[in-house]
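> Right, I'll just put the structure down here and ask away after.
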Amino acid sequence: MIAQTTLGPVDYDIQGTGAPVVVLHGSPGGVDAARLMARILPPDRFRAILLSRPGYLDTPLAGRETIDAQADLVAALLDELGIDRAGVYSWSGGGPAGYRHAVRHPERVTAIVANAAVSQAYTVPEQDLPTRLMTTTAPGQWLMRLIAAHQPEEYVKGELSGEGDLTPEELAARVAQVMADPDARRFALDLGPTSMPDRHRKVGYDNDLAQFAAIDSLELERITAPTLVVQGTADADLPPAQSTFAATTIPGAELLALDRGTHLALYVHPDRAAVQDRVREILLG
């Protein structure tokens, strides 16, 4: 659906009928990635407000390039939907907009869950040429979809390898665990198409990288909402120090670490159940 807010159109969806929670996807991503994130929010307990951030899918970028503009767009979407206050649940590149929404509109935020979320200046880790060709070109993206469909174990292995600093032994064990766990396996395979900087996401992705590299301060010390920060300790995509910084800067914030977890830890780690319970507890208030 497209909401015509006072700050322009937003591609969004709503799932569930419970406590309202805005779900902010990473980089790349879109409303489809937010939908995957919301799988841990039971629809009878949460009203998940999913959106594509500017530059992704059907949310235009023009005029909403800055992190603060994207934070204000969240408030404008809540206005359009007639929602006064909502939780904020972000992952990775959705973190800056979520944090700034809480700083700029504190009266609108009931709680924050920041999962492996950018909190300081950030640049993408250098990728080797084969990885760049696989993730940023149309033939490479087609091949990745083919592997996911016909060689799912190899796809999950590549995904976890790229998103974590696991030893070969740890990687083999984690892949076996994910493949034997229907929910984790489904998440890992479904995430792939939403996380490629294809022609529907490249504009937003490029803008995110420019904005994140230029971060001076998100003013996290001004956040007043109850905050839970989640981080895998073997995350190769977002340095765990980013989450440590957020947890030590936001007054009263709680940090939960998933031991040897990758960037996907909240959704596929063998110990994720207790952390997901805490996520729901914080968001319900």
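The values are calculated or read from the model by the stated rules, or taken from the named source; none is laboratory data. Note that the structure is a prediction, hence the values are computed from the model and not measured. Virtual Cβ from ideal backbone geometry, glycine too; neighbours counted across all protein chains shown.
> Taking into account only those residues within region 176-206 that are in a helix (DSSP H, G or I) and of a type in the set (D, E), which is nearest to P152 (Cα to Cα)?
Going through region 176-206, the residues in a helix (DSSP H, G or I) turn out to be 176-180, 182-195, 202-206.
So of that shortlist, the ones also of a type in the set (D, E) come out as 183, 190, 206.
Values: D183: 14, D190: 11, D206: 29 Å.
Step by step, filter region 176-206, then rank; the result is D190.
> Given the residues V31, V113, V74, which is the only one that is of a type in the set (A, V, I, L, M) and closer than 24 Å to T244 by Cα?
Numbers: V31 fails: closer than 24 Å to T244 by Cα; V74 fails: closer than 24 Å to T244 by Cα.
Every option except V113 fails the conditions.
> What is the residue count in region 104-143 for residues that are out of contact with any helix residue (DSSP H, G or I) (no Cβ under 6 Å at 6 or more places or on another chain), part of a helix (DSSP H, G or I) and modelled with pLDDT under 90?
Qualifying residue count, region 104-143: 11.
> Considering only residues that are buried (at least 24 other Cβ atoms within 10 Å of the Cβ), in contact with a Ser or Thr (Cβ under 6 Å, 6 or more places away or on another chain) and closer than 12 Å to D13 by Cβ, which ones fall in region 23-38?
G30, A33
> Continuing with this model, one more query. Residue pairs, Cβ under 6 Å, 6 or more apart or interchain, first in region 105-119 and among the small types (G, A, S), second assigned to a strand (DSSP E or B). List them.
Pairs that qualify, where the first residue is among the small types (G, A, S) and the partner is assigned to a strand (DSSP E or B), are A111/G87; A114/S90; A114/V229; A116/Q231; A116/D235; A117/S90.
> Which residue, of A75, A38, is over 24 Å from L266 (Cβ atoms) and either assigned to a helix (DSSP H, G or I) or in contact with a strand residue (DSSP E or B) (Cβ under 9 Å, 6 or more places away or on another chain) (or both)?
So the residue among A75, A38 that is over 24 Å from L266 (Cβ atoms) and either assigned to a helix (DSSP H, G or I) or in contact with a strand residue (DSSP E or B) (Cβ under 9 Å, 6 or more places away or on another chain) (or both) is A75.
> Would you check if there is a residue in region 39-56 being small (G, A, S) and under 15 Å from T6 (Cβ atoms)?
Here is the first cut: in region 39-56, the residues small (G, A, S) are 48, 52, 55.
Now drop any that are not under 15 Å from T6 (Cβ atoms), which leaves none.
No, every residue in region 39-56 fails to be small (G, A, S) and under 15 Å from T6 (Cβ atoms).
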